[in-house]
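Before any comments, here is the structure.
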Amino acid sequence: MTDENKGVHELLEEGNRLESAGEVKEAIEVYRRSLAIEERPEILQHVGNLLNRTGILDEAIEAFERSIELRPDSVGGHYGLGLAYYRAAMVGKAMEQFEKTIALDPGWVTARYYLALAHFHRGDLDAAIRAFKALLEVSPEFSVAYYHLGMAAAQKGLHDETLEAFGKVLERNPDSYAALYYCGVAHFRKGNLDAAIDCFRKALEINPEDRKAKDNLRALEDMRVRFS
């Protein structure tokens, strides 16, 4: 039976069966056969998602771009295209798509997350901090954002914001070495020697061989002795 006789519905069922069985590449080919009969934006988007998962990024980008041509207000299409661009290290284009996703759906938190990460990795720490804060206003439970917000604040020397963000990390994971270390640095910069010493000691309980924490702790303990 030819694909024309089978029809799109039957091809989609066949593709779904293959996908459910873990035969993703074979499923993609069947979905493509359905697209040769009728180009549906939702099928293009699904194919793009599968290509994204399998790392075939050039073809994923093509599928998402075509899906957006057919349905310009497709939130999932813009997000998927942004993700494919991001994974292909086309960060500027990825950011444009994440911004479009957020404009269409302000609650799409993973678009906000990747947009904030893109700002962070490009070195625009001010924009990254704003973006992570905006994400957390929409979704306070998106806890991984607190870690990145803390890192950006630490690099900017914003000690109060560093302590606040990494404090949230430590509420969820008291054994976060990075959170303890950067809280130690922030406390020291604010002149809170005892709090800094406590953080570095706890950090060294987790990672006893870390030279930076050892050196900082030794210097602070010497300082406390000299000025006590």
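Throughout, read-outs are computed from the coordinates displayed, never taken from laboratory work. As the structure is a computational prediction, the values presented were derived from the model and not from experiment. Because the Cβ atoms are built from the backbone with ideal geometry, glycine has one as well, and the counts that use them run over all protein chains shown.
If you place +1 on the Cβ of every Lys and Arg and -1 on the Cβ of every Asp and Glu, how big does the dipole about the Cα centre of the chain come out, in debye to the nearest 20?
Value, rounded to 20: 1240 debye.
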Margin query: Please list, in order along segment 118-125, the HN-Hα scalar couplings obtained from phi with the Karplus expression 6.51 cos²θ - 1.76 cosθ + 1.60 (θ = phi - 60°), rounded to whole Hz, x for Gly and Pro.
Written below: 4, 4, 4, 6, 7, x, 8, 5
Note to self: Take residue 91 and residue 33, extend 7 Å from each Cα along the Cα→Cβ direction, and tell me the distance between the two endpoints in nm.
What the structure shows: 4.3 nm
Note to self: Using 0.36 nm times the number of residues separating residue 69 and residue 141, minus their current alpha carbon distance, what extension gain do you get?
What the structure shows: 22.5 nm
Note to self: Can you compute 3J(HN,Hα) from phi for each residue in segment 108-115, using the Karplus curve 6.51 cos²θ - 1.76 cosθ + 1.60 with θ = phi - 60°, rounded to whole Hz and x for Gly and Pro?
What the structure shows: 7, 6, 5, 5, 4, 5, 5, 5
Next item on the list: Please turn the phi angles of segment 77-94 into ³J(HN,Hα) values with the Karplus equation 6.51 cos²θ - 1.76 cosθ + 1.60 (θ = phi - 60°), one per residue in order, whole Hz, x for glycine and proline.
Entry: x, 5, 5, x, 5, x, 5, 5, 4, 4, 5, 8, 6, 9, 5, x, 5, 4
Margin query: Can you return the aspartates and glutamates within cross-link range of residue 156? Criterion is Cα-Cα under 13 Å, with same-chain partners fewer than 8 residues away left out.
Written below: 124, 126
Next item on the list: Could you tell me which trypsin sites (Lys or Arg not before Pro) in segment 189-228 are loop residues by DSSP with no more than 15 other beta carbons within 10 angstrom of their beta carbon?
Entry: 190
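What is the fewest-to-most order of 149, 11 by other Cβ atoms lying within 10 Å of their Cβ? The partial results should precede the final answer.
Working: 149 27, 11 21.
With the sparsest Cβ surroundings first, the list reads 11, 149.
Mind listing which GluC sites (Glu not before Pro) in segment 167-228 are in a DSSP loop and have 16 or fewer other Cβ atoms within 10 Å? Please list the in-between numbers first.
Values: sites: 171, 205, 209, 221; in loops: 209.
Hits after loop and neighbour filter: 209.
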Notebook entry, point to check: Past the 29 Å Cα-Cα mark, which pairs from 100/190; 133/214; 168/190; 93/168; 168/214?
Noted result: 100/190; 133/214; 93/168
Notebook entry, point to check: Assuming R0 = 41 Å, what is the FRET efficiency of residue 110 and residue 198, from their Cβ-Cβ distance, to the nearest 0.05?
Noted result: 0.70
Check: Which of 67, 20 comes first, and how do the rest follow, when ranked by fewest Cβ neighbours within 10 Å?
Finding: 20, 67
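Once you order the gyration tensor axes a ≥ b ≥ c over the Cα atoms, which shape class does segment 127-189 get: rounded for a/c under 1.5, otherwise prolate or oblate by comparing a/b with b/c? Spell out each step's value before the answer.
Details: a/c = 2.38, a/b = 1.26, b/c = 1.89.
Because a/c hits 1.5 or more and a/b fails to exceed b/c, segment 127-189 counts as oblate.
As a footprinting exposure proxy, order 139, 34 by other Cβ within 10 Å, with the fewest listed first. Before the final figure, lay out each step's value.
Numbers: 139 16, 34 23.
Ordered from fewest to most neighbouring Cβ atoms within 10 Å, 139, 34 come out as 139, 34.
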Check: How far, in degrees from 0 to 90, does helix 57-70 lean away from the longest principal axis of the Cα atoms of the chain, to the nearest 10?
Finding: 70 degrees
